[in-house]
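Trainee: Have a look at this one before I ask anything.
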Amino acid sequence: MAQNTQEDRRYQAQEHVWEAMELLGRDNDRAKALCQQAIAIYPDCVDALILLPQLEDRIFMINYIARMREAVEAGRRDLGPKWFKNERGMFWGFHETRPFMRALAALADALLEWGTNEGVDEAIGIYQEMLDLNPNDNQGVRDTLGACYLQRKRYNEAAALFKQYEDDGMANALWSRLLLAHATGEINQAMVLLEEARHENPHAELFFTGKKRRPRQRPGYYSPGDISEAIYCADTLWEALKKHPKTKAWIKEQCG
């Protein structure tokens, strides 16, 4: 009789989760049951621990955050210390590590939605760990991390992050650097960055100046130069800009 190894149980549980994901929006009750079965087979099935709270009828944010913490800790147990020692820097390159990375993202995003200063600071630490584990940033967290740095006025860390990804010429990166430049008194640099940002995406300034209201729901994806990218920029940097009213007024004046 074949031995039911940990690897076997992990694989069986993950198969249940993949099936559950395919049922989202069509049969959530069945998807929920599959996640519960996955956890019964393998208690540290991270993707099931992430997905199950999203399928529950009602869950308060503080409870959702607690559940995402459990998913993160399950991921650490599942991988063990050798993964973090041997594969640091390449975490998105392995299927085994991706559920843990998804759990980190889910927890950080929930903390931002919670909205407290303590939550933002904790989210910053999580995003920093994600970039340490995966500098290629396949999950695109550097935009959010930069916005969090600016929101908390951690300018030196924002500058270091922008230097690390200095080849990023997307609209969000340009607007982020602009905000940092103006906040730290580099007005000439802010002027240069404003022209670059407006050229990269002419729609974004409509949201930053209040000429256009942000939609309640963010698009599921965005295209460079498109209004969908402008919405992404506005959503990502909104809280940071609120913390810098002088910069906000300056942008409005320059784009008047």
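Trainee: Per the Kirkwood definition applied to all pairs of different Cα atoms, how many angstroms is the hydrodynamic radius of the range 94-172?
Mentor: 12.9 Å
Trainee: Related question: About the Cα centre, and with charges only on the beta carbon of Lys, Arg (+1) and Asp, Glu (-1), how big is the dipole of the range 1-77? Nearest 20 debye, please.
Mentor: 240 debye
Trainee: Can you give me the solvent accessible area of L55 with a 1.4 Å probe, rounded to the nearest 10 Å²?
Mentor: 20 Å²
Trainee: What is the distance in Å between the Cα centroid of the range 1-43 and that of the range 56-106?
Mentor: 17 Å
Trainee: Let me ask something else. Keeping all protein chains in position, work out how much accessible area E195 exposes to a 1.4 Å probe, and write it in Å² to the nearest 10.
Mentor: 100 Å²
Trainee: What does the helix-only formula give at 222 nm for the chain: each DSSP H stretch with n ≥ 4 adding -39500 (n - 2.57), the total divided by the residues, and the result rounded to the nearest 500 deg cm²/dmol?
Mentor: -22000 deg cm²/dmol
Trainee: For A38, what charge total do you get from the other residues with a beta carbon under 14 Å from its beta carbon, if Lys and Arg give +1 and Asp and Glu give -1?
Mentor: Every neighbour counted, the sum reads -3.
Trainee: Under the definition of Cα pairs under 8 Å and six or more residues apart, what whole-number percent is the relative contact order of the range 2-73?
Mentor: 28 percent
Trainee: Go through the range 112-120 residue by residue and turn each phi into a ³J(HN,Hα) via Karplus (6.51, -1.76, 1.60, θ = phi - 60°); whole Hz please, and just put x for glycine and proline.
Mentor: Karplus values, whole Hz, x for Gly and Pro: 5, 5, 4, x, 7, 4, 5, x, 4.
Trainee: Could you give the C-alpha radius of gyration of the range 144-256 expressed as a fraction of 2.2 N^0.38 Å, taking N as the number of residues it contains?
Mentor: My calculation over the Cα atoms of the range 144-256 gives 0.96.
Trainee: In whole Hz, what ³J(HN,Hα) sequence does the range 142-153 give by Karplus (6.51, -1.76, 1.60; θ = phi - 60°), x for Gly and Pro?
Mentor: 5, 4, 5, 4, x, 5, 5, 4, 5, 4, 8, 6
Trainee: Further, regarding this structure: What is the diffusion coefficient of the range 18-163 in µm²/s, taking the Kirkwood radius over Cα pairs and the Stokes-Einstein relation at 10 °C with a viscosity of 1.306 mPa s?
Mentor: 98 µm²/s
Trainee: When N counts the residues of the chain, how does its alpha-carbon radius of gyration compare numerically with 2.2 N^0.38 Å, as a ratio?
Mentor: 1.14
Trainee: Right, here's the next one. Per residue, how much accessible area does the range 57-148 show when a 1.4 Å probe rolls over the protein heavy atoms, in square angstrom? Each step should come with its number before you reach the end.
Mentor: Details: 4570 Å² over 92 residues.
That works out to 50 Å² for each residue.
Trainee: Taking N as the number of residues in the range 1-58, what value does Rg over Cα atoms divided by 2.2 N^0.38 Å take?
Mentor: Numbers: Rg = 11.6 Å, N = 58, 2.2 N^0.38 = 10.3 Å.
For the range 1-58, the normalised Cα radius of gyration is 1.13.
Trainee: With a 1.4 Å probe and all protein chains kept in place, how much accessible area does E22 have, in Å² rounded to the nearest 10?
Mentor: 130 Å²
Trainee: How high is the relative contact order of the chain, given as a whole-number percent (alpha carbon pairs under 8 Å, six or more residues apart)?
Mentor: 11 percent
Trainee: May I ask you to give the percent of accessible area on the chain that is carbon plus sulfur, with a probe radius of 1.4 Å?
Mentor: C and S fraction of accessible area: 48 percent.
Trainee: Still on this model: Would you pull out the residues with amide H under 5 Å of Y165's amide H, same chain only if 5 or more places away, H placed 1.01 Å from N?
Mentor: Answer set, sorted by chain and number: none.
Trainee: Can you sort D29, D168 by solvent-accessible area, 1.4 Å probe, largest first?
Mentor: D29, D168
Trainee: Counting Lys and Arg as +1 and Asp and Glu as -1, what is the net charge of the other residues whose Cβ lies under 13 Å from the Cβ of L107?
Mentor: -2
The values are calculated or read from the model by the stated rules, or taken from the named source; none is laboratory data. In this text the structure is predicted, and so the values were computed from the model without any measurement. Cβ atoms come from the backbone with ideal geometry, glycine included; neighbour counts cover every protein chain shown. Surface areas here come from the heavy atoms of the whole protein model, side chains and all, with no ligands, DNA or RNA. Shrake-Rupley method; radii C 1.70, N 1.55, O 1.52, S 1.80 Å.
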